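Enquirer: Just dropping this structure here.
We did not get these values from a lab; they are worked out from the coordinates using the rules stated. Everything numeric here is computed off the predicted structure, so don't read it as measured data. Note: ideal-geometry Cβ built from the backbone for every residue, glycine included; neighbour counts use all protein chains shown.
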Amino acid sequence: MSSVTDTLTGTIIAAHGRHYLADANGEKLQCVTRGKKTNVAVGDIVHLQKTSENQAVIERIADRTTLLYRSDQYKSKLLAANITRLFIVVATEPGFADDLVSRSLVAAEAAGIEAHIILNKVDVEALLPRARERAGLYGSLGYPVHELSATAKPEHAVETLTPLLDGQSSIFIGQSGMGKSSLINLLVPDADIAVREISEALDTGKHTTTFTRLYWLLGGASIIDSPGFQEFGLYHLSEGMLERAFVEFKPYLGGCKYYNCRHLQEPQCAVLEAVAAGKIARYRHELYGQLLHESAQTLY
Ligand SMILES: Nc1nc2c(ncn2[C@@H]2O[C@H](COP(=O)(O)OP(=O)(O)OP(=O)(O)O)[C@@H](O)[C@H]2O)c(=O)[nH]1
Ligand SMILES: [Zn+2]
């Protein structure tokens, strides 16, 4: 029988506002931080002090191997900690935004997380060639693109994804409607039950899709499902981080006339020359410029 003063180590498996759910060796504990701290992310390993049978206070967050987050002008929002792989789910329909895909890729590069693209709904044949071509742009940058259909070929989808998830701490992100939940349900057969349990524990009522949650897979791997998003601010990235987060800029960095070149309008800029020569996609360079602009605007 555990006493109320027990300290435990757990993993944060869900977050809703300032309420967290931790899993400590299978024991689910509702957690809060001390004071007004909101610096906890799903995937965090935490040291907990139990305050009652099913509640605890987060005493300390263990050092993170990675941290994925987005931010606006005013604040940053942690998405997930300690993940090793990011899967960006896009689909033939509804149409996906290149801006969001590229921003997600930049966030992954900056955090040192391996990124993959899942092109779902390949059964929608009329829209497949265009979607394939657009996803292929990311493939040409070196990001693996996996074509699937969660509903028309579920076994194939599971066969494709299982080895990619094995041994990894993964997160699925995507715009609403791309089929993220359909895929998670294939990979985690009890996902619905887990979601109900979590929303009861966190008292989120019917808003079951508005929180981020982690599911365990066989062998200690895990997968985090996150709510669909419409924007992905990256105000927190510095200029130096940004130029390195665009993987296709790498061969040209250091080749500019000025050592502190920002690759916007400087003369003899190797990056701009590569854009002009069609070696760097214009929209990616434009996004780089936009992100540079954002990074200069933070108010925190
Ligand atoms: N044709 C087709 N439809 C699919 C496929 N996968 C999912 N869908 C459908 O697409 C719709 C959206 O799927 P969800 O899994 O709810 O999408 P989601 O990305 O989780 O969306 P949010 O919950 O809003 O974040 C549903 O009607 C699914 O049945 C697919 O491979 N092919
Ligand atoms: Zn330059």
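Enquirer: Residues with beta-carbon under 11 Å from that of residue 153, excluding residue 153: net charge, scoring Lys, Arg +1 and Asp, Glu -1?
Expert: Summing Lys and Arg as +1 and Asp and Glu as -1 gives -3.
Enquirer: Still on this structure, I have one more. If you take the square roots of the eigenvalues of the alpha-carbon gyration tensor of the stretch 7-61 and sort them as a ≥ b ≥ c, do you get rounded (a/c under 1.5), prolate (a/b over b/c) or oblate?
Expert: The shape class here is rounded.
Enquirer: Rounded if a/c is under 1.5, else prolate if a/b beats b/c, else oblate: with a ≥ b ≥ c from the C-alpha gyration tensor eigenvalues square-rooted, which is the stretch 147-246?
Expert: Note, shape of the stretch 147-246 comes out oblate.
Enquirer: Where does each of 19-26, 111-118 land if you order them by average Cβ count within 10 Å, highest first?
Expert: For the peptides 19-26, 111-118, the packing ranking is 111-118, 19-26.
Enquirer: What net charge is computed for the residues neighbouring residue 184, neighbours being all others with C-beta under 14 Å from the C-beta of residue 184, Lys and Arg scored +1, Asp and Glu -1? Working shown, then result.
Expert: Values: positive: 180, 213; negative: 190, 192, 225.
After counting each charged neighbour, the total is -1.
Enquirer: Relative contact order for the stretch 38-134: what percent, with Cα pairs under 8 Å and sequence separation of 6 or more? Mind showing how you got there, number by number?
Expert: On the way: 139 pairs, mean separation 22.8, N = 97.
Here the relative contact order equals 23 percent.
Enquirer: Taking the chain as the reference, fit the longest principal axis to its C-alpha atoms, fit the long axis of helix 98-111 to the helix C-alpha atoms, and give the angle between the two in degrees, 0 to 90, nearest 10.
Expert: The two axes meet at around 70 degrees.
Enquirer: Mind checking which lysines have their C-alpha under 29 Å from residue 36, skipping anything on the same chain fewer than 8 residues away?
Expert: 28, 50, 75, 77, 206
Enquirer: So, with +1 on the Cβ of K and R and -1 on the Cβ of D and E, and no other charges, what is the size of the charge dipole of the chain about its Cα centre, to the nearest 20 debye?
Expert: So the magnitude is around 700 debye.
Enquirer: Fewest Cβ neighbours within 10 Å first, please rank 178, 241 accordingly.
Expert: 241, 178
Enquirer: How would 279, 121 line up from fewest to most surrounding beta-carbon atoms within 10 angstrom?
Expert: Least to most surrounded, the residues fall as 279, 121.
Enquirer: Sequence neighbours fewer than 8 away in the same chain don't count; with that in mind, list the lysines whose C-alpha is under 22 Å from residue 153.
Expert: Those lysines meeting the cut-off are 121, 180.
Enquirer: Right, another one. Roughly how big is the stretch 191-300's charge dipole about its Cα centre, with Cβ charges of +1 (Lys, Arg) and -1 (Asp, Glu), in debye to the nearest 20? Show your work: numbers first, answer last.
Expert: Values: 10 positive and 13 negative charges, 82 e Å.
That gives a dipole near 400 debye.
Enquirer: Let me ask another. Grab the other residues whose beta carbon is less than 13 angstrom from that of residue 115, score K and R as +1, D and E as -1, and report the net.
Expert: In short, 0.
Enquirer: Report the extension gain between residue 99 and residue 39 in nm, rounded to one decimal, defined as 0.36 nm multiplied by the number of residues separating them, less their alpha carbon distance.
Expert: On the way: separation 60, 0.36 × 60 = 21.60 nm, distance 2.69 nm.
Extending this stretch completely gives an extra 18.9 nm.
Enquirer: Continuing with the same structure: Normalise the Debye intensity by I(0) for the chain, one equal point scatterer per Cα, no solvent, then take log10 at q = 0.13, 0.16 Å⁻¹ and round to two decimals.
Expert: The Debye formula, applied to the Cα set alone, gives -0.95, -1.29.
Enquirer: Using Cα pairs under 8 angstrom and six or more residues apart, how large is the relative contact order of the chain, in percent?
Expert: 17
Enquirer: Report the Stokes-Einstein translational diffusion coefficient (µm² s⁻¹, integer) for the stretch 67-225, Rh taken as the Kirkwood radius over Cα pairs, at 37 °C with viscosity 0.692 mPa s.
Expert: 202
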